[in-house]
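Contents: one structure, followed by commentary.
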Amino acid sequence: MYRKAAVALTFAILLLITYSIFIGTVDLRSYFIPLLQSSPLGTQSLCATGPPLKVFMYDLPRRFNVGMLNRKSTEEAPVTAREWPPWPGHSGLKKQHSVEYWMMGSVLWEGNGGDGSEVVRVFDPEAADAFFVPFFSSLSFNTHGHNMNDPETEVDHQLQIDLMKLLHESKYWNRSGGRDHVIPLTHPNAFRFLRPQVNASIQIVVDFGRYPHVMSNLSKDVVTPYVHVVDSFKNDNRSDPYESRTTLLFFQGRTFRKDEGIVRVKLAKVLAGYDDVHYERSVATGENIKLSTQRMRTSKFCLHPAGDTPSSCRLFDAIVSHCIPVIVSDEIELPFEDELDYTQFSVFFSFKEALQPGYMVNELRKMSKEKWMEMYRQLKNISHHFEFHYPPEKEDAVNMLWRQVKRKVPAVKLAVHRSQRLKIPDWWRRRK
């Protein structure tokens, strides 16, 4: 009798699980993906995502994008894949905000839509899942009057005016109110004159440090890594990486920052006097970037305190240097966090913990070699997700970003479809 009851119960449970999977209430990936990520091999694909996102890209004159890379050129025709220029080799810190360049290149590339590609360009806007606006807003700010009182900043202002005029004339922008349009805005001052006009769009941002929730938030926008400025550690094959990294904790950069970044000045005092801690105030010259590259490769941990905003390029420099990031920020948002567990390859401290004398250094020293090696291996295994390439490569940063955009599309379509049929758009807010 008990055996029959057990068999019947087992059958009922299996039937319930099968039905749940069929209707979509159970996602087996949520159970197995963490196991794959914690695998010692760490080489498995993070997610099987189906067909690539179909993207329509506006053909904008070059002054809105690659024309800023060569200001001597007067060519205005939209750039083609065959004319796509390489990113300048000596661009300094402009490179960290170049996500817009790599995303545009990935859509323009004639091989997109193939194996490993998360995006495919479509030339019929009716067939598009999303619309890409190839305006280099961050480069425009950095190029046209980087000092905001510079008269040349009016060029940046005029580009924004011209772009919004073009978009407001677009049937597809007006149809969705811009909700299904993807716009990279990685510099905190990108699109600063008319930013409220693109609030509804899917914004590609590095964090939300300077923006009110109504302007930019996780529910509609995508967090991107900065483009790293140090060289990737491609030949990291030392037999004992733990012993070869003789510096415990490394930081090199500006110490006087705004907002949360004030913590950097305080950390300079807290971390003074340790022989195996390198905390140096410096500016990002070409020579200092080279020194930082070398020092990160010989450090066990690399400190990432908040800057003017909660995030900075330094975190991603550490990742591609295989230096365990030590993140000190109470408000940081991280890219690809639905697929990556940062606690497997990073260490986190609150402001309060980090500023407690001796606490952070003691915690890092207490970490065993075995634990450090485990985190180091995980870091090496995921670092390719933070590399930007042209042509794009499977599961590199660009393809990871398009995968994130793809996950925003269903909610966008829901909002657009509802707005097209509702007579009173905010009726639920009027209920008492």
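Quickly run through region 77-93 and pick out the residues that are open to solvent by 80 Å² or more (accessible area, probe 1.4 Å) and within 25 Å of residue 145 (Cβ to Cβ).
Taking region 77-93 as the starting set, the residues that turn out to be open to solvent by 80 Å² or more (accessible area, probe 1.4 Å) are 82-83, 86, 90.
Listed by number, the list holds a single entry, 90.
For the structure I just gave you, tell me whether residue 284 is over 13 Å from residue 354 (Cα atoms), modelled with pLDDT under 90 and among the hydrophobic types (A, V, I, L, M, F, W, C).
yes
Return the total of residues in region 149-161 being in contact (Cβ under 8 Å) with a residue 24 or more places away in the chain and not β-branched (Val, Ile, Thr).
First pass over region 149-161, keeping only residues in contact (Cβ under 8 Å) with a residue 24 or more places away in the chain: 156-157, 159-161.
Those still in the list that are not β-branched (Val, Ile, Thr) too: 156-157, 159-160.
Looking only at that region, the number is 4.
Is it the case that residue 314 is under 22 Å from residue 246 (Cα atoms) and open to solvent by 60 Å² or more (accessible area, probe 1.4 Å)?
No, not satisfied.
Just to be sure, is residue 232 over 22 Å from residue 354 (Cβ atoms), modelled with pLDDT of 95 or more, surrounded by fewer than 21 Cβ atoms within 10 Å (Cβ to Cβ) and under 19 Å from the mean Cα position of the chain (by Cα)?
Against the criterion (over 22 Å from residue 354 (Cβ atoms), modelled with pLDDT of 95 or more, surrounded by fewer than 21 Cβ atoms within 10 Å (Cβ to Cβ) and under 19 Å from the mean Cα position of the chain (by Cα)), residue 232 qualifies.
Being of a type in the set (A, V, I, L, M, F, W, C) and either part of a strand (DSSP E or B) or surrounded by 23 or more Cβ atoms within 10 Å (Cβ to Cβ) (or both) is the filter here, so list the residues in region 177-219 that pass it.
If the condition is that a residue be of a type in the set (A, V, I, L, M, F, W, C) and either part of a strand (DSSP E or B) or surrounded by 23 or more Cβ atoms within 10 Å (Cβ to Cβ) (or both), then 182, 183, 185, 190, 191, 198, 202, 204, 205, 206 are the ones that fit.
State which residue is most open to solvent (accessible area, probe 1.4 Å) when the search covers only region 142-170 and only residues that are of a type in the set (A, V, I, L, M, F, W, C) and out of contact with any helix residue (DSSP H, G or I) (no Cβ under 6 Å at 6 or more places or on another chain).
Going through region 142-170, the residues of a type in the set (A, V, I, L, M, F, W, C) turn out to be 148, 155, 159, 161, 163-164, 166-167.
From what is left, the residues that are out of contact with any helix residue (DSSP H, G or I) (no Cβ under 6 Å at 6 or more places or on another chain) are 148, 155, 161, 163, 166.
Details: 148: 86, 155: 64, 161: 65, 163: 2, 166: 58 Å².
Within region 142-170, the match that is most open to solvent (accessible area, probe 1.4 Å) is 148.
Sort out which residues of region 142-176 are over 26 Å from the mean Cα position of the chain (by Cα), closer than 30 Å to residue 414 by Cβ and in a helix (DSSP H, G or I), and write them in order of number.
Listed by number, the residues that qualify are 165, 166, 168, 171, 172, 174, 175.
Scan region 125-134 and give yes if some residue there is loosely packed, with under 15 Cβ neighbours inside 10 Å, of a type in the set (A, V, I, L, M) and modelled with pLDDT under 95, otherwise no.
Checked against the condition, which is being loosely packed, with under 15 Cβ neighbours inside 10 Å, of a type in the set (A, V, I, L, M) and modelled with pLDDT under 95, region 125-134 yields no hits at all.
Quick test of your reading of the structure: residue 367 fulfils all but one of (1) open to solvent by less than 30 Å² (accessible area, probe 1.4 Å); (2) within 30 Å of residue 268 (Cβ to Cβ). Name the failing condition by number.
The failed condition is (1).
Please report, ordered by residue number, the helices (runs of 4 or more DSSP H) entirely within region 316-432 with at least 2 residues that are in the same structural domain as residue 183 (by the TED database).
397-421
From 336, 348, which residue is within 19 Å of the chain's Cα centre (by Cα), open to solvent by 50 Å² or more (accessible area, probe 1.4 Å) and of a type in the set (Phe, Trp, Tyr)?
348
Return the residues of region 291-311 that are touching a residue at least 60 places away in the same chain (Cβ under 8 Å), open to solvent by less than 30 Å² (accessible area, probe 1.4 Å) and more than 17 Å from the chain's Cα centre (by Cα); say none if nothing qualifies.
Answer for region 291-311, where residues must be touching a residue at least 60 places away in the same chain (Cβ under 8 Å), open to solvent by less than 30 Å² (accessible area, probe 1.4 Å) and more than 17 Å from the chain's Cα centre (by Cα): 292, 293, 296, 300, 301.
Looking at 414, 401, 379 in this structure, which one is aliphatic (A, V, I, L, M), over 15 Å from residue 302 (Cβ atoms) and buried (at least 18 other Cβ atoms within 10 Å of the Cβ)?
Among 414, 401, 379, only 401 is aliphatic (A, V, I, L, M), over 15 Å from residue 302 (Cβ atoms) and buried (at least 18 other Cβ atoms within 10 Å of the Cβ).
Give the residue that is least open to solvent (accessible area, probe 1.4 Å), with candidates limited to residues of region 113-124 that are more than 21 Å from the chain's Cα centre (by Cα) and of a type in the set (A, V, I, L, M, F, W, C).
Going through region 113-124, the residues more than 21 Å from the chain's Cα centre (by Cα) turn out to be 113-115, 121-124.
Right, trim to of a type in the set (A, V, I, L, M, F, W, C) and you get 122-123.
Working: 122: 24, 123: 151 Å².
So, considering only residues that are more than 21 Å from the chain's Cα centre (by Cα) and of a type in the set (A, V, I, L, M, F, W, C), the one least open to solvent (accessible area, probe 1.4 Å) is 122.
Pairs needed: first member in region 331-348, under 21 Å from residue 209 (Cα atoms); second member anywhere, basic (Lys, Arg) and surrounded by fewer than 20 Cβ atoms within 10 Å (Cβ to Cβ); C-beta distance under 9 Å; at least 6 residues apart or different chains.
From region 331-348, the pairs are 338/407.
The values are calculated or read from the model by the stated rules, or taken from the named source; none is laboratory data. Bear in mind the structure is a predicted one, so any value in this text is a computation, not a measurement. Here the Cβ is made from the backbone with ideal geometry for all residues, glycine too, and neighbour counts use every protein chain on show. Quick note on the areas: whole protein, heavy atoms, side chains included, nothing else; ligands and nucleic acids left out. Shrake-Rupley method; radii C 1.70, N 1.55, O 1.52, S 1.80 Å.
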